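Undergrad: Below is one structure. I have some questions about it.
What follows is calculated from the coordinates using simple rules that are stated; it is not laboratory data. All values derive from a computational prediction rather than experimental measurement. Neighbour counts are summed over all protein chains in view; Cβ atoms, including those assigned to glycine, are modelled from backbone coordinates with ideal geometry.
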């Protein structure tokens, strides 16, 4: 497999959106049906009611269990569009939630229910099958406008039947962020509904801004967030290890246009500088995309009985802008003298080696989940004022 070809094609499936007309229009989904949603508030058994407990492992290696619960009285809503995960065998996914859609909502979105009511529609996205077919040189048909249209329909249903004037945070990753970016441009900016947008977390995608400025590129009115008390703004970044910056073939961290760069807002320090990442990492291996299994969390190894692990002090991050791109630089502060692991999993693997052009795309959300949840909580309070 050619990593350069893999990345270029995956970027077009995951981070950008083509709305070219198609020959035949597919029937619309009925978002009044419960099965068209991965998550809705008040349900007792869906992707956002799963166990979010974590094992906290500080540098001394001692395990502490951290329990979690949603807030049924949350003052705002969150609307989530998931990344490219579908394993359906067609170019576009169907509307049946498979384990992959359920799992990505569990690991990327469910924890936000401590701060907001969760809404996550299913949509007929471009599939991983289409990506893999393209990398093999035998592409299959993909209707990228189909998934976008589904999200527009779900968004309109939510506004008409669920929102009731409440503030809402938009949350997406990769393909989901691309879809939400288009939704903001076409359906939100400059319209009355913009006043209800608490913020948009557009993660794992390139959001263009003029160099040195916070607004004026991808969006005409919504700036980058520079404070957790700021509302109506964008949180966005793509992440790479400090030891492996974006290589020349990487399209994450770069945008087209003279004088433009990819926006970067550090969730650990929105005002700038370096900050500690509050990660919630999957205790087991990634179930969707090829990645290395997590290392033993401590030495000697001990079993972890929760689905997530938090590693305080192990990760820090800073937004950097240089000749390699504009991105979130993640540093792992491993110490061989303590019992805790000195590294994390999160790289896309090909033939047993990390694909550098992907960076830490697989864990863009996991690595900063605690920071992002805290930001949403603070923004909710600011919005209510």
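Undergrad: Note down the relative contact order for the chain as a percent, whole number, built from C-alpha pairs under 8 angstrom at least six residues apart.
TA: This gives 19 percent for the chain.
Undergrad: Based only on Cα atoms, what mean projected area does the convex hull of region 178-290 have, in nm²? Don't skip to the answer; put the middle values down first.
TA: Details: hull surface 36.3 nm².
Mean orientational projected area (region 178-290, Cα hull): 9.1 nm².
Undergrad: Taking the highest mean first, how do the peptides 231-240, 198-207 order by number of other beta carbon atoms within 10 angstrom per residue? Mind showing how you got there, number by number?
TA: Values: 231-240: 25.1, 198-207: 27.5.
Output ranking for 231-240, 198-207: 198-207, 231-240.
Undergrad: Contour minus end-to-end for residue 65 and residue 321, with contour as 0.36 nm per residue of separation and end-to-end as the Cα-Cα distance? Don't skip to the answer; put the middle values down first.
TA: On the way: separation 256, 0.36 × 256 = 92.16 nm, distance 3.77 nm.
Contour length minus the Cα-Cα distance gives 88.4 nm.
Undergrad: Given all pairs of different Cα atoms, what value in angstroms does the Kirkwood hydrodynamic radius of the chain take?
TA: Kirkwood hydrodynamic radius for the chain: 20.9 Å.
Undergrad: When the Kirkwood radius is taken over all Cα pairs of region 282-373, what Stokes-Einstein diffusion coefficient follows at 37 °C and 0.692 mPa s, in µm²/s? Before the final figure, lay out the partial values.
TA: Working: Rh = 14.6 Å.
Estimated diffusion coefficient is 226 µm²/s.
Undergrad: Let me ask something else. Mind sorting 358, 155 by how few other Cβ atoms lie within 10 Å of their own Cβ, fewest first?
TA: Ascending number of Cβ neighbours within 10 Å: 155, 358.
Undergrad: What fraction of the DSSP beta bridges in the chain is antiparallel, stated in percent and rounded to the nearest 5?
TA: Rounded to the nearest five, the antiparallel share is 50 percent.
Undergrad: May I pose another question? Would you please put 223-229, 368-374 in order of how densely packed they are, using the mean number of other Cβ atoms within 10 angstrom per residue and starting with the highest?
TA: 368-374, 223-229
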